[in-house]
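Take a look at the structure below.
Every read-out reported here was derived from the displayed coordinates using simple, explicitly stated rules and does not represent laboratory data. In this text the structure is predicted, and so the values were computed from the model without any measurement. For neighbour counting, all protein chains shown are included, and Cβ atoms are generated from backbone atoms with ideal geometry for every residue, glycine included.
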Amino acid sequence: MWIFAAVISTVAAGIPAYAQTAGNIRGKVIDDQGGALPGASVKIKGSNKGVSTSTTGDFQLNDLKPGNYTVTVFYMGFSPVESNVELKAGQTLVHNIRLVSSSVALKGVTVSGVMEGQQKALNQQRNADNIKQVISADLMGRFPDLNVAESLQRLPGVTIGREQGEGSTVQLRGTPGGYTNININGEQIMGTQEQGQRNAQLDLVPANVLASMEVIKTLTPDLDGDAIAGAINLKTPTAISLKPQLSVDLGGGYNKLRDKSNGIGNISFGRRYGATDDLPNGRLGITVSGSYYKTINGYDEINAQQWQLKDFADGKGSIYFPTDIRLVYLENERTRMGATTTIDYSFSPTTSIVANVTFNSLDNDATRYRKRTRMQTANTTFANGVYTTARGRGYNEVLDRKTGNNNINLSLEGETMLGKAKLDGGLFYTASKFDQQAYAYNYITGNVPMTISEISGDYIQATGATDPKNNAALYTYNTIEANNFNTEGRNLVARLNLTLPYKIGNNDASFKVGAKMKRMHNERFRPVNSTFVATYAGTAAVGNLNNFKGDEEVSADFLDGHIPFGLGVSKQGTIDFYRNNPRLFNTSTNLTQVSIDSYFYDAVENVSSAYLMNRIQFNKFMLLGGLRMERTGVDYDAKVVNQDAAGNLTSSVPVNSKYNYTKFLPNLQGKYDVAKNTVMRGAVSFGYSRPNFNDLMPSRVISILNTTLTDGNPDLKPAFATNYDFSVEQYLSNLGILSIGAFYKNIDKFQYNSVIRLTGSEFPDAAAYKDYLYYKTYNGDIAKVFGVELNAQTNLTFLPGILKGISLYANYTFTHSKADAQDRKDLRLPGQADHTANGSVSYTLKGFTLQGNLNYNGAYTSTLGTDDATDVIRAARYQLDVNASYRITKGLTIYAEGVNLTNRPQVEYFGDRSRVYTNTFYDFSARAGLKYRY
């Protein structure tokens, strides 16, 4: 902080004399329709001074002596422009520049909607100082993607996790999701996932309310350093034109799995007002965007998440046997809404402010039917090719669950000129909340005979002569578990930056210094009045499932027709019986208190940071270097819960943990313009990533129904990485790119999730949870990640006739890692897929566009076991999507989209592909509608 104050004082002392001579040129680069052109290269001819336009097309050239200048503008897909200006002493000259589309570059092809987004994204990427990919709003509209995560999956090095069939979480370059910062307008959104992950779920954010997204793969010193993988920055729109701009999208569709409809509506409006001679593009800008999407979807799933080792004396030695097989049928009403409003005001050509409010929400109202068959390994025998037990047990359950996930972001940013120095800063506040009200109603059998004839494959089943899957007479009302919780996260940020231009000989340079204060607060708790575990205490006859039967067949084509689901539970009858007969249920005070206390944490992290950064432009070579310092103060509250062998609460002790740590993060990056359209980049940087909140807490979470136990680990340390990056990019005259990049990360103390089966001796009181699955996160030793990214985008305008409307988009990422953890060597880092790829082919002719899209995610380890045989692996998966559109008039377009047309399931397996862990089907969905732009 003292460095920042010293620089401010020095600059301020020199301002009065300099202000009378130095001048600035600022303006906006637009196309012939008045639309902003982000990423345009604006330079002073005959010098090294140059900048790139912002997402709103604005530029500013500072620290210029009075005189005549030639301003040059280059933008791929448009004809270059040179214009002469005269700058007077102390003047800020406003000079807007209009570009005309280059028909020569595109060989006579009109720039289509497919090309527009590609054009803007590539220009921003071309002129960036660091390695990043950009997705503009137009490019997002090229694919049938509804939310931010699904749009990001199209980029190299990105893998996504899915929730309810939609993309949800994002991982970069083979690292865990928590190693990537998720930002809105440059500041981090707090994660509110149930397990305390730091990374925010992106199915919350509609793609339609954004102006662009950046995937930043090499951080510069002026960006937060706690992101080993990089950062994803979501940018909200700003008004760009004095002409009103209106966009409307209305559509409806169909989800095959549940034979239900979906509907979507998006609207945005923007306009600038108050044009003057000094501010020809207006003083005031207002833009408003909104999005609404509603669908009824779901999934079918079979899972076997508990496998035990046993020798069945059949000469094959010890094998893993599935003790708990579950069928899951879920139907869900999903509603997503998003809205953003941005107001910007220019007091003068050199002073402006921008205020933004962004709100996103995602609500789910689900009914889940689940069947379980459990065969205790110890009581199971093998003979004549059949596994048999007389002590099997069946469960038939219905879950009524409602979740709400919302996020609000407020920001106020401003900038001004102090002589030749630029001062900018802002205040930011983001608040996220996830709440769940879930009631699981469970029916259970006594000991019943069960058999399994085949334990390999994706559709294993336990059956028996008594038909434990469908015989309602075997089942009695058992327990009700209220799994209700709230997770809340808040981030309050204040930042200030100063940029001072100067010269080193004939080379233009800039020195930037800044400071930031950030307070991150994350808490998780169960509401006291609505959390409980209750056990049925009435007679077996009254509680028999025959009195609460639902459909005889919940889904005959369950799991794409591989297995029928069978008998269901009457949801309303089950709920009404509990409400009308509360005296027949015993609520366990002990278990309820255990559930509440073990789930609680309250975490505060205060982060103060400062940085120094210097940028020098040596003709074709740019060198950027700097140092960032971040100090984190930690204050965590939780509870340590102890139980006796019977599961009764023996103690619940509040604990507090306070400590701090400081990270110094050097940074060096270079960019060399080998030729006009060929760029080479390299970077050496350092970063770190904090553990997830829940993983750090000295707490314990127990699920009796699922027989799982999760412990926190307050001894976890942040992971620290040294990063090396290199890339070569060739930009094509037909609005395309060919690029190759390589990266290497050396990560110390990486975090990984471990799951083992408790034997009863792992910790005090572990005997009470024998055979439970035990989840805990640890620090590994060293992980090394190496990757290569290939990217190709091209429009085949050189082809004859109607064939020149073909466009290709493809990328491929290879990643390899070696990690040491849990006394195991040369492991693959959890979350790292060897291969990811995207391919897209589109064809445009006279307003008609047809596009096919293929996304491929390779297999990766999701959870580490004690050895290779007990790791949980997410299998490789591909998805095929298709979309088409026809431009009826200049502003009106009709479109149709199909997603996951091949109905590819998401599969996880236990160590070996023959041992299914989860197998989930989502089926395909389709939409059609109208888009209008004015």
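The table below gives the values:
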{"read-out": "Difference of contour (0.36 nm per residue) and Cα-Cα distance, Val674 to Gln33", "value": "227.5 nm"}
{"read-out": "Bins of 10 Å, starting at 0 and running to the largest distance - Cα pair percent for region 288-333", "value": "20, 25, 21, 15, 11, 6, 3, 0"}
{"read-out": "Residue exposure sequence - Glu397, Glu552 - by fewest surrounding Cβ within 10 Å", "value": "Glu552, Glu397"}
{"read-out": "Estimated FRET transfer efficiency when R0 is 22 angstrom, pair Thr463-Asp551 (beta carbons, to 0.05)", "value": "0.65"}
{"read-out": "Estimated FRET transfer efficiency (Asp781, Tyr932; beta-carbon r; R0 41 Å; 0.05)", "value": "0.10"}
{"read-out": "Net lengthening on full extension, Val528/Ala89 (0.36 nm per residue, minus Cα-Cα)", "value": "151.2 nm"}
{"read-out": "Normalised per residue, the volume of the convex hull around the Cα set of region 52-94 (Å³)", "value": "81 Å³"}
{"read-out": "Label-to-label distance, nm, for residues given as Arg631 and Ile286 (7 Å Cα→Cβ offset)", "value": "4.5 nm"}
{"read-out": "Anisotropy class of region 821-883 from Cα gyration tensor, a/c 1.5 cut", "value": "prolate"}
{"read-out": "Tensor-based shape of region 674-774 (alpha-carbon gyration tensor, a/c under 1.5 rounded, otherwise prolate or oblate)", "value": "prolate"}
{"read-out": "Calculated FRET efficiency for the pair Ala869/Val248, C-beta based, R₀ 56 Å, to 0.05", "value": "0.50"}
{"read-out": "Phi to ³J(HN,Hα) by Karplus 6.51 cos²θ - 1.76 cosθ + 1.60 over region 308-318, Hz, x for Gly, Pro", "value": "10, 8, 7, 9, 8, 6, 10, x, 9, x, 6"}
{"read-out": "Chain lengthening between Asp771 and Asp823 when straightened (0.36 nm per residue, less Cα-Cα)", "value": "16.5 nm"}
{"read-out": "Cα-based shape type of region 539-695, given that a ≥ b ≥ c are square roots of the gyration tensor eigenvalues and the cut on a/c is 1.5", "value": "oblate"}
{"read-out": "Neighbour net charge for Tyr917 - beta-carbon separation under 12 angstrom, K R +1, D E -1", "value": "-2"}
{"read-out": "Exposure proxy order (Cβ contacts within 10 Å, fewest to most) of Thr813, Thr342", "value": "Thr342, Thr813"}
{"read-out": "Relative contact order (%) - the chain, alpha-carbon pairs under 8 angstrom, separation at least six", "value": "10 percent"}
{"read-out": "Orientation-averaged projected area, Cα convex hull of the chain (nm²)", "value": "38.6 nm²"}
{"read-out": "Inter-label distance, nm, simple model (7 Å from Cα along the C-beta direction), Tyr744/His562", "value": "4.2 nm"}
